[in-house]
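Notes follow the structure.
The values are calculated or read from the model by the stated rules, or taken from the named source; none is laboratory data. Not measured: the values here are computed from a predicted model. Here Cβ is always computed from backbone atoms with ideal geometry, including for glycine, and neighbour counts include all displayed protein chains. Each accessible area value is taken on the protein alone, full model and side chains, heavy atoms only, with ligands, DNA and RNA left out. Shrake-Rupley method; radii C 1.70, N 1.55, O 1.52, S 1.80 Å.
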Amino acid sequence: DAKDGGRDRAHAFDQAMLDQLNRRIAVIERLKAAVRDQKIQLHYQPQHRLSDGCLIGFEALARWNDEDLGTVGPDVFIPIAEQTGLIVDLGEQILRNACTDAHGWFKMLGSEAPVVSVNISPVQFARTDVSRSIANVLAETGLPAQLLEIEVTEGVLISEKSRVATTLTELSTMGVSIALDDFGTGYSSLSYLKALPLNRLKIDRSFISDLAKDTESPIVSTVIQLGHNLNLQVIAEGVETDTQVDRLIESGCDEGQGYYYGRPMPLAEVNTYVAGCAATSRAGKTG
Ligand code: C2E
Ligand code: MG
Ligand code: MG
Ligand code: MG
């Protein structure tokens, strides 16, 4: 009867919740081991200047392929790492590995080498001395500060405003660049754009996908103008088509990142990619 049906539904609901909880516990356990054993890897996605197509940098993106769970995306494991505090160790590893890899490009190309961009979580700002750990990693790896950029989201700027501002100023003084990631998706107060030592705005992918065949996006052109008025470079995320490249160039956007240029790739492929781009730009300069 109705009473029993209710009990069954309640039971099924409990089971679904239990399954979800067990899955989450499994992911946490495996993630702990992966951080401990340094199993999280970095892939790199190229960033190019729109005007001449020149390679300017790579964003480091975390990748996890677990022997039990298979591939788990950063959209899943980064939030879990943040909630469990694992992001403190993981973030440090990511920073050190990215700077080590970028130092390899620096040895190959000197100051012309591509910049490496590393995502820093709001939890790292809250729980660690980000500027000190970056200073240490730069000293250990030998990477010039000018070849490191950090990406922060608008969320970072909302919590503990003054402490974050101090940290960003310290980094900026060291010569590290600061990019505001996923711009346009957060709860932004435009006043902090002026107050903080930012170098770049990254326009979120969701706005770029609106740049359809024949229509301009008023939001994209407005963000580009805003960035330029504040003396910031503007880079578009999620550039996939040549139509988007044309629209972005028309709107005065500086740089682009997305599948159009290249997908995130493992380090071995990056080195080939960098060498190819260096050869092309040398050929361009002399020819
Ligand atoms: P994000 O920093 O905004 O990174 C850009 C995301 O867009 C990446 O997803 C990238 O693979 C994807 N993407 C790039 N180009 C295109 C494109 O043309 N089309 C489409 N559809 N997607 C594109 P991914 O690697 O899954 O990373 C997701 C998010 O996870 C990142 O967003 C970032 O917030 C976070 N994340 C990744 N690695 C790290 C890390 O090392 N540390 C921290 N704290 N967060 C990370
Ligand atoms: Mg990013
Ligand atoms: Mg982004
Ligand atoms: Mg994003």
Protein accessible area in the chain, 1.4 Å probe - carbon and sulfur %: 51
What is the pair-distance distribution P(r) of segment 134-287, computed from all Cα-Cα distances in 5 Å bins starting at 0, with each bin given as a whole percent? 2, 8, 15, 17, 18, 17, 13, 7, 2, 1, 0
Binning at 10 angstrom from zero up to the longest distance, how are the C-alpha pair distances of segment 1-114 distributed in percent? 12, 31, 22, 17, 9, 5, 3, 1
Give me the percent relative contact order of the chain, please, defined on Cα pairs under 8 angstrom at least 6 residues apart. 18
Amide N proximity, segment 29-69 versus Q146 label position 7 Å along Cα-to-Cβ, cut-off under 17 Å: 56-58
As I understand it, the value is the acute angle between the Cα axis of helix 87-109 and the longest principal axis of the Cα atoms of the chain; what does it come to in degrees, rounded to 10? 20
If one takes the longest principal axis of the Cα atoms in the chain, at what angle in degrees, from 0 to 90 and to the nearest 10, does the Cα axis of helix 74-84 lie? 70
With a probe of 1.4 Å, find how much accessible area segment 14-123 has per residue, and write the answer as a whole number in Å². 49
Computed lengthening from F13 to N136, 0.36 nm per intervening residue step minus Cα-Cα distance: 39.3 nm
So K107 and A268, fully extended at 0.36 nm per residue minus their Cα-Cα distance, gain in nm 56.4 nm
At what distance in angstrom do the alpha carbon centres of segment 47-117 and segment 199-225 lie from each other? 24
Please state, as a whole number in µm²/s, the translational diffusion coefficient that the Stokes-Einstein equation yields for segment 169-235 at 20 °C and 1.002 mPa s, with Rh defined as the Kirkwood radius across alpha carbon pairs. 167
What does the helix-only formula give at 222 nm for the chain: each DSSP H stretch with n ≥ 4 adding -39500 (n - 2.57), the total divided by the residues, and the result rounded to the nearest 500 deg cm²/dmol? -17000 deg cm²/dmol
Give the angle, between 0 and 90 degrees and rounded to the nearest 10, that separates the Cα long axis of helix 218-229 from the longest principal axis of the Cα atoms of the chain. 60
